[in-house]
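Engineer: Please see the structure below; I have some questions.
The values are calculated or read from the model by the stated rules, or taken from the named source; none is laboratory data. Worth saying up front: this structure is predicted, and the values here are computed from it rather than measured. In this analysis, Cβ positions are derived from the backbone assuming ideal geometry, glycine residues included, and neighbour counts consider all displayed protein chains.
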């Protein structure tokens, strides 16, 4: 992602060692493909659904609920055990669904890729896989095309491009191959540049590929999305604190009641069942599910506002 918008197209062609009329040769394109790699977005650090599910099932309060369900089943109270396990499973599935959607955000960017593109190779216009585009390729553009890579405009006839995917600007931007920026400009003001994932809405032209794959502006966004450190929200941290405090209080209370019952001569099985019943009653079984649903609805509202 260089400052290609600051230099004339003829100078850029010299820097990239390409011919604006004939394009690259097949041999040169093959060599550059080996050097730069395929023109595609790469998924990195994607959590496995099994890892997400494991994290859902090992939350503090969920572990307590699972333990209570096991003890209830051991003591023959199958109705309570089934009810608790049902809540745990519902919570785990909801959490898995929401987090896995977030993990697959890169897939939404991949949908902006195109299967094939027209390029000048060996002096002829030919159709090739967009995945095999390389720096220096001369791409032919017309209305309806999705840009397969970042390009510098080399020819333009009433060329307009919809760049809302990158800039948020709702109106199409007119491109001019003669434009040369005197200073640094934001993406939305670079009238001689074209970016992967944007759409040609009017006119025609051609562009010289300057960046491909993860080196494009869209690839830069993908890298930032995948590089974000995953931190728990304040609500999640607070709930974890509440869970630990609740577990401590319940444990102390159950132990006291269990010991006092035994001292009074009550049966061991009866006191075990009483202790488990008190523990289950004190833990809000629906809390994990309610929290997951609340977070999901909040995220959906934020997305709608944006």
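Engineer: When residue 77 is evaluated against the numbered criteria (1) closer than 30 Å to residue 195 by Cβ; (2) modelled with pLDDT under 75, which criterion, by number, is the only one it fails?
Structural biologist: Going through (1) closer than 30 Å to residue 195 by Cβ; (2) modelled with pLDDT under 75 one by one, residue 77 breaks only (1).
Engineer: If you don't mind, there's one more thing I want to ask. Any chance you could count how many residues in region 192-210 are under 11 Å from residue 152 (Cα atoms) and in contact with a helix residue (DSSP H, G or I) (Cβ under 8 Å, 6 or more places away or on another chain)?
Structural biologist: Matching residues across region 192-210 total 5.
Engineer: Let me ask something additional. With respect to residue 51, is the statement that it is crowded, with 16+ Cβ neighbours inside 10 Å and modelled with pLDDT under 80 true?
Structural biologist: The answer is no for residue 51.
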